[in-house]
Amino acid sequence: MWTRDFGLFFAARTISMLGSSMMPVAIALGMHEAGYGATGVGLALASWMLPMAGLILFGGVITDRFTPRRMMVAADVTRAVVQALTAVLFLTGRPVLWQILVLTAITGAAAAMYTPGVAGTIPRITTDVQRANATLRVSEAIMQLAGPGLAGLLVGFIGVGMLYAADAVGFAASAACLLLMRARVAATAQEPMMVRLREGWREFRSRTWMWSVILIWVIFGITLFGPLIPLGSTLVTGMYGQAAYGLVMSAGGAGTILGGLVAMRLRPARPLAAGAVAMFLFAAQPLTMSLEADLWVIMAGFVLGGAGWAFWSVMWATSVQTQVPQEALNRVSAYEIGGSTISIPIGQALAGPVAGLFGAASVLSVSTVVALAGCVALLAVPQIRRLARVTA
């Protein structure tokens, strides 16, 4: 697994994830500090997710034309510049909401150009795809464990601006690592963009297990993933303070490490079925916050939820990367990532107004029910439940 190129790719992902893992906390605390509240947090997060989900299909086609490495380097450089500009805004005064929304939208567009190439790169630089995905997941989880807690502490000492500056440095370092990779993949796209999009769609829709999961994830985006950070940050900071929210997010990172380590060793014959069972644990995150439980209970819920999410993520990524032909992987990944994220901005934007009517705890109670029902739905689809692991 540990080829030179995988080592550089691992370093690039790890470095950038340390900065990126601090950003949800930085956005949440920065928007609250600036007086924009839960609605501001939701809009800021949605302004990142919407361009990312809306443009990722084109990102998959463009990646085929210009190769994954070039697109990822260009995206990292763009994000480094934008995060540096955001840091300047926070360091020089109270940023205007539209400025933050525009800059985060640019980073979301850059992410749409970056993300499709990840799935296509991993099978080309290592022979053990599941172990590589699990290793990356553990690394990302360690960064997610350190990042949020560090962010919560640093905001109180040096402010949000320095967190954005650190993120800019992380993206620049990631671009440098990617430039040092020796793997050179020739561009494959010769047909017009719409032809490539149609070919990718045919590959995507021909796999019932894939589009069935994405349909469930669309519902999750509005009712579960979208409200979780805006409303969770409001509840936790209101009860226990800003540093506590960083600790809660770090607990989720600890759970992700646990789930990634399990996924590194366990190779179930039916990976998506095993992942769906693990995803039941994710309901513990909205449940503990909706109950307004003690801080340690919420942290325990995030450990369980993080473990379930990590195990599912490795099983899903490995299934996609081994079940889809290499020549179509960038485009198919764009469809599955775009489909699974397109509804999250809706949930993020609606979280604040809906919570204003019914209360944040009530909304997260609904999220808990949806999480459990969605896992039942995953196991109810035969093509998901029976999908076999590719052994070669």
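Farthest towards the positive end of the charge dipole of the chain, among the residues 321, 282, 240, is the Cα of 321, using unit charges on the Cβ of Lys, Arg, Asp and Glu. For the pair residue 201 and residue 262, what calculated FRET efficiency results from E = 1/(1 + (r/R0)^6), where r is the Cβ-Cβ distance and R0 = 41 Å, to the nearest 0.05? After rounding, the FRET efficiency stands at 0.75. Computed over the chain with a Gaussian network model linking Cα atoms closer than 10 Å, the most mobile of 381, 73, 248 is 381.
If R0 is 25 Å, the Cβ-Cβ spacing of residue 92 and residue 146 corresponds to a FRET efficiency of close to 0.35.
Computed from point charges on the beta carbon alone (+1 for Lys and Arg, -1 for Asp and Glu), the dipole magnitude for the chain about its Cα centre is near 1160 Debye.
Estimate the FRET efficiency between residue 366 and residue 84 by the formula 1/(1 + (r/R0)^6), using the beta-carbon distance for r and 41 Å for R0, to the nearest 0.05. With a Förster radius of 41 Å, E is 0.55. As a ratio to 2.2 N^0.38 Å, the alpha-carbon radius of gyration computed for segment 243-392 takes the value 1.14.
Net length available on complete extension from residue 128 to residue 377 is 86.6 nm, with 0.36 nm assigned per residue and the Cα-Cα distance removed. Sorted into 5 angstrom bins from 0, the C-alpha pair distances of segment 283-352 split as 3, 14, 14, 16, 18, 14, 10, 6, 3, 1 percent. For segment 323-392 versus segment 276-316, the spacing of their alpha-carbon centroids is 15 Å.
The calculated 222 nm mean residue ellipticity attributable to helices in the chain amounts to -28000 deg cm²/dmol, summing -39500 (n - 2.57) over DSSP H runs of n ≥ 4 and dividing by all residues. Restricting segment 193-281 to trypsin sites (Lys or Arg not before Pro) that sit in a DSSP loop and have at most 16 other Cβ atoms within 10 Å of their own Cβ leaves nothing. Given axes a ≥ b ≥ c from the Cα gyration tensor, I'd like to know whether segment 88-169 is rounded (a/c under 1.5), prolate (a/b larger than b/c) or oblate. Judged from the Cα gyration tensor, segment 88-169 comes out oblate (a/c at least 1.5, b/c at or above a/b). State the label only: which of (1) 21.6; (2) 26.4; (3) 20.8 corresponds to Kirkwood radius over Cα pairs in Å computed from the shown model? Checked against the structure: label (3).
Cα-based values for segment 1-132, radius of gyration first and Dmax second, are 16.4, 50 Å. Between 53, 355, 111, find the one with the highest GNM mean-square fluctuation for the chain; connect C-alpha pairs within less than 10 Å. Of 53, 355, 111, the most mobile in the Gaussian network model is 355.
None of the figures in this text is laboratory data; all of them are computed from the coordinates on show. What you see is a predicted model; the values in this text were computed from it and never measured. No Cβ is skipped: glycine too gets one built from the backbone with ideal geometry, and neighbour counts run over all protein chains shown.
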